[in-house]
Each structure stands twice: as C-alpha cells, then as structure tokens.
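The values are calculated or read from the model by the stated rules, or taken from the named source; none is laboratory data. Just so you know, these numbers come straight off a predicted model, no measurement behind them. Please note: Cβ atoms are built from the backbone with ideal geometry, for glycine as well, and neighbour counts cover all protein chains shown.
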C-alpha cells in the first residue's frame, strides 16, 4: 500500500485529536510552569547569620512598628509587631517596604533637567543650582517654599530653621487625616492637639476617611472596631464603605451639606441650646432642603442623625483622601460643627485634648506653618519638595497655580514619581529603611507617643539625607542652621522628651513590650533605637472651651443654591498609602493585576445605567477627558456606583507596578481640576469610546 | 471522508491515546528504588509509633527522615538474616553513613509545611495525609518528575486547599502556606 501525503495528514490529525484527550499537553503545560518556579529561576539571598532588627514603616502616617528579618546585612522579610502597645500589625505596603530600596523607579543620585533628559551631577552642583534659584527668587521678590507632607519631624524643624534665615521663606503642609481635629483645634480658646478617645466611642461617622483601611493606627482601629458602629459617607463604595455597618452614598461634594443637615436634625430634636450663629448656619439645611445637595433621602438623614444621638458618644471625622484628596475647608468646618452639636468634644469617648510631643522646636520656630490652600497663587519662585511621603494623593494641578513664571522646583523624593517628574533638580533622599526616621502620634491618637526608626541598611551611594541636604544648602546660601546631623537632632528630641519626666518608656524584649525606667536620656535613646516607644501619661478628658467652627458665608450660600449638576463627575480613589510619591513594591501587582482584588489605574468604572446611556460596554476601552487632560482606560461596569459618576484610581501609577511599561493609562491625578483651596473633589469629565 | 482516510485518522488517534496514557507517564517520571528495603509494618509490630522515628521536637521542628543514629539504637547488630539487614549494618550503621533515602515529600522552595501545627494544634493523624504508608511492608518505587524535579507522591496543592477551605477558612490566604 502506497502511503500518501493525505494519509499522513489524516493520521496526524487523528493524533492531535487524540492527544487532546491525554495528559500530554495539560501535564506538560503544568509541569513547565512549575519548572519555571524552581530554585534555578528564583533569586536566593546568600546565606548568613539571621538577625531581626526593629524598624518603623513610614509609608503612611500610621508608622507601624516592624520587625525586619535580615540574612547577613540584607533584609529579606518584614513582619508587623503584633504586640505593639499602640496597635500592632502592618499592611501589604509595610510588609514589602524592604523591596523599595531596590525598586526600579529608585533614583540613583542627584541630577538636573537638561531638556527632556536628566543629567547626573554631583551633590554640590545640584545644591548650587538650588542656591542660584533661591537668589533669583529673592531678586524677583517671589517666595521660597518648602512643602512638607510629614510635619512635626526633626527634618521639619531643620527646614524651618533654614526658612527662618530666608526673608521670603514659606513652610507649607498639606491637609492630613486629622483635618477635622485640626479644625476644632483652631477653634479652641487654648490651642492643644486633639485626639479621639476611640476605645470608648460608640459610633463613628466617617466623611470619606478610610477608617477601616488603616486609618490612624490600623491596629488600634481594629481593636476598637468590635464595640464601634461605623457609618461611612462616601461617593463610591470604598473598601471602608464595604466594611462599615452602614454606607451612606452621597454626591461628590455633598459632605458639608450632609453634616449640616445632621446637625440641623440633632439641634431640632434635642433642643440643645446653641448660639444664634449656629442656628443661622444650619438654616436652609433641613433634611428636605439638604437632600438634593447631599444626594441622600430626607428619611435617611433623619434616621442617621437619630442613630448618632442614640449611640452617643458619637464622633464625626473628615480628612478625606485616599486618592480623592482632602475635603474642602468648609466641609471640615461643617463636620467639626456636627461634632460640637453631638456633644462629642471634650468628653469621654469623644474628642479629647492631648499633650504635644516635646522637642524638635517645630511649633516655636519663626516660620509659621501655612496650609497649601492659603499660599497665594503665582507667588512661589522656588519650590522644595521634601522627600517625606504621607501616602496621600497630591496632583501637580494643585501645586502648579502656586508657582511664579519660570519657577524652580527641586524634589527630594527617593523615587521617580508624578511630582519628581516636574522638578528641575532631583536630590534623592534615602529610601525607607535606609535612614533615620521618627514616628509621631497618628491622627486621632488620644495620647502623645514617640518612636524612632534606625537605618536597617546603609543608604545607597547617591542618596542624601534631608538634614544633610539642608545643611549643605544653608552653607551654599551663607546662612546658619546648626551642624547637628539627623541622628543628633533625634537624640536631642529624645533627651527633651526624657527631660519632661512624662509618660512611660516601653522596651522591646523577647517576650514583647515591657515598661522599663530609663536610666537617663542615653538609656531612653538606646531603648527607642532597639524598637521601644515612649507613650505619654493618659489624662482625664476635660471640657474644652471653643467657639463653633462655622463654614464661611460664601460656602453656605453656594451649598444652599448649588449650580445645576450636569454631566459626569470624577470619583478619584486609591487604597490608603498607594497614591503618594512612594511607589508600592512591584510584588503588589498581585493585588492589582493577577487577582484583580484592587482596581488598577488602568480601569475606569461606571454604573450600568450611565454606561447604557453613553452606549458603552464592559471591557471597552474609553477615553476620559477633563480640561486638565485626558487618559485612556478600560471600562468596568460597577453596579454599586451611583449614576453619572466615573470612578478612576488615583494610584498606584502603572509605571510603579510595571516599570518600563508603555501603558497610556495614567489614572485620575492628571485629570483633576484643582479648586483654589487645593481640593479636587468635583471634577467634571467626558467619557467617549477610545 | 473515505474508509481509508478514516482508518488513518483512527490509527493516529489510537496511537496518541496509547502514547499519552501509557507511554508518556513512563517517559515523564524517572523511577528509582530506595537504597534499602524498609518495612514500616515490621517496625510498627515491634511497638514503634510514627513519632518514635519521626518526632516533632520541643521547638516544633519536625525531624523528618530519621538519621542513622536512630537506626543504630537497635541495628548495631543485624536483626535477622536478610541481605538488606546485612547491608544496613555493614554499609551504613557501622561506618556511621547516612542512608541516601529518596524522599517522597520534599517540599517546593516556595512552600512551608509545619508538621507541628498540623499534628499538634490541628490534631490531624499522620494517616490523614500519609495514608497506609505506616503499614506498608516495603517502600514504593520513588518516581521523580523529570521536568519539575518533584516526587510524584508529593501532596498536591488541591489537597491542601480542600482541607483548609473546609476546616480552616480563615487560613486560606496565599501566605498561609507560601513563602
């Protein structure tokens, strides 16, 4: 029998069909996948002595205590100190903090912009460029502004020492998680830091704060959660909204009217005696009147207000973020007023005064702190961006209007990020775990506390400690800021804390944390460097004398008669700590891409009714436009999103998770329109098929 | 399709099925005998329990395959007249040389399996995972996957998952088992 080509092809076809019903293709596929995961393809750290070193995570204000497992000199794993007295544990960002020193977006050393490229230069050349820019700003009559996103540190004091020597110095900070408390603090007759007596609070109403995503100190919040009723007021179903006892869906920008409406019901029902100024502010915010302003039904407002009274002591907090930025100042005042009307200020289980952390002299300096929203537009000739990161989103659109023409920008961030890309000079600071750092009380802390974090690994050769940078810059400018190094400034602060005789020092031992008397300032320093912490004495809550924090008349007028809301509105969001200038470890792609547990910046979401009206379908590529710019994203239909809202992640940047990517997706931050007060919660967008 | 083409198609199909189910496993797995015949049944009959040779230490560390010093406690002199017993004493016990056992359960690099947690805290019996291995009269042939390098008898992830999902739903995250 003659074998033809057709016979061969038919037998091959039969063979292929048969092979599909055998283990051959499937087992080979599986085994080859496993083979790629074998030791030969995995990086294995060199062997060495295993040691555990204390550290603190400084990626967000929580400052969680960490235990870093090192093999030889190299950190290989991080775990949270679960028994820490201020609340233990750590989030996914903290557990991968040791990856950041080797992150592909890490900046290698000082460099200056040369057109579209960066040129490496020596530190002295970079500092010389900054010094010349400061001289030019002085000549032009513009300001030199330092933007510090983690105020209160010894680094902050060094900046303020420098600015005190410059006649046109400005020390600016951004709104943080404790903004509602700061608003109340500003209304106190005798200013004092405020905190929340969370352990005795029965209800917490959060206006956009990520209270169940690691707000404040995550361990403390988790411990308090069992006895706490949490109501989350949010424009989208945030993780905190999903985990809360109740989610109140509002329109973007509806926080202020809703807070006033709740206060209105409480004053009406309880007959509390409030001043005419408060009554006047609440006029026009009955549940019926406020319902369309907040996007909440009148019955819902009534029910929530009554529940807050029933669950006293109840506390309302704002602070905003993550990803959507701070709340407008008047919204914070409305929330603070709600706290006052609830009777939560200055009582057990409510908002209580605490003492400040001694030392650093930050509050006594000649250069006062100014909120970013108060910086005059076009006034800044030199902008120095401190490398400290609070993990909160800060779009360039907020900073750009503050700059004078031809302004000079220097970034000290260790990483190539959205703000560093706008700079003229980069002087990267050490990465996390590479430098001295300190942990200050978190937003809502009811007692002062303090801890230091010693370097776990030496700083990379091109990194410059910020205190050293300030000294070199001061020398180039011919001004005096003192010769103390970062470590020496920290030692001085610990000595100042010790000298007060206040509080207790807890040392980290094998069995956990134990109170130990420090033999002296040096003993206290050694205990803190070894992973201990200082916690101030608890004080009994006392009544606080304060004037009502009222939204200003212009805001009230605008809320009472809002402009007609038409079109789509942007809802920017991000997991806490992922929208700042520090990129997350590339390992977290597992959360954003492989598992899709968190929506990435490459995906926009809208409700089914909105998508249907626009003729868009799930998975379709779309182009999202605002006057600020346009981005491309894949559309996801999310039934939990109310009509006319487009949700887009503000972080992490795709380039942080996939260095080298050519993705055109850039997330929400390039789109936002900044208001004059530095907020960006009400950006209108247009969405079309890409 | 003619009868002739159908015949060639069926021949190809039959060959592929035969190769895939009979020939492929023989090619994929390298078979190797253990260096000595070992009877768990004989040792169990002598009154030894699993933990006598495979103990979990005070520090929670699992001893795994016992070292030659454990064998030497009873086998300093031959316990019988079998050829394997003679080899055990002469080649391993007397010179103090470890027996190069081929381990069926060597874990992948990216996994940790704490015996102490499963056996002591979870109170899971050895036979739950190891079956009737403790009653066998001889060790099975060791088969190594030529591609992955792992033993064919290694516990599969699906077995871990099904037990964890059913009994320990709070311990089903990746990092519960993976490094």
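Computed quantities for the displayed model
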read-out: Any helices (runs of 4 or more DSSP H) falling wholly within region B:1-117 and containing at least 1 residues that are away from chain A (no Cβ under 14 Å); value: B:40-45, B:50-53, B:68-75, B:83-87
read-out: Positions within region A:240-269 being in contact (Cβ under 8 Å) with a residue 12 or more places away in the chain, surrounded by 19 or more Cβ atoms within 10 Å (Cβ to Cβ) and within 21 Å of the chain's Cα centre (by Cα), in sequence order; value: A:240, A:244, A:252, A:253, A:255
read-out: Residue list for region A:42-78, filter: in contact with a helix residue (DSSP H, G or I) (Cβ under 7 Å, 6 or more places away or on another chain) and either part of a loop (DSSP other than H, G, I, E, B) or within 14 Å of another protein chain (Cβ to nearest Cβ) (or both); value: A:57, A:59, A:62, A:64, A:78
read-out: Selection count where residues are more than 14 Å from chain A (Cβ to nearest Cβ) and either at pLDDT below 80 or not in a helix (DSSP H, G or I) (or both), scope region B:134-154; value: 8
read-out: Tally of residues being touching a helix residue (DSSP H, G or I) at 6+ places or on another chain (Cβ under 9 Å), assigned to a loop (DSSP other than H, G, I, E, B) and more than 7 Å from every other protein chain (Cβ to nearest Cβ) across region A:6-36; value: 1
read-out: Helices (runs of 4 or more DSSP H) lying entirely in region A:208-292 (those with 1 or more residues that are touching a strand residue (DSSP E or B) at 6+ places or on another chain (Cβ under 7 Å)); value: A:239-243, A:255-270
read-out: Members of region A:224-235 found to be modelled with pLDDT under 90 and either under 20 Å from residue A:440 (Cα atoms) or surrounded by fewer than 24 Cβ atoms within 10 Å (Cβ to Cβ) (or both), listed by number; value: A:226, A:227
read-out: Residue satisfying condition, being on the phi > 0 side of the Ramachandran plot and surrounded by fewer than 21 Cβ atoms within 10 Å (Cβ to Cβ), within set A:115, A:102; value: A:115
read-out: Condition check for residue B:78: in contact with a helix residue (DSSP H, G or I) (Cβ under 8 Å, 6 or more places away or on another chain) and surrounded by fewer than 16 Cβ atoms within 10 Å (Cβ to Cβ); value: yes
read-out: Matching residues in region A:469-515 - criterion: being part of a loop (DSSP other than H, G, I, E, B), in contact with a strand residue (DSSP E or B) (Cβ under 9 Å, 6 or more places away or on another chain) and under 19 Å from residue A:88 (Cβ atoms); value: none
read-out: Region A:507-558: number of residues that are surrounded by 14 or more Cβ atoms within 10 Å (Cβ to Cβ) and under 24 Å from residue A:281 (Cα atoms); value: 9
read-out: Whichever residue in region B:17-37 is closer than 22 Å to residue B:92 by Cα and in contact with a helix residue (DSSP H, G or I) (Cβ under 8 Å, 6 or more places away or on another chain) and, among such residues, is surrounded by the most Cβ atoms within 10 Å (Cβ to Cβ); value: B:36
read-out: Residue among A:147, A:166, A:162, A:86 that alone is in contact (Cβ under 8 Å) with a residue 40 or more places away in the chain, out of contact with any helix residue (DSSP H, G or I) (no Cβ under 6 Å at 6 or more places or on another chain) and not in a loop (DSSP other than H, G, I, E, B); value: A:147
read-out: Filter pass, residue A:39 being on the phi < 0 side of the Ramachandran plot, at the interface with chain B (Cβ under 10 Å from one of its Cβ atoms) and modelled with pLDDT under 95; value: yes
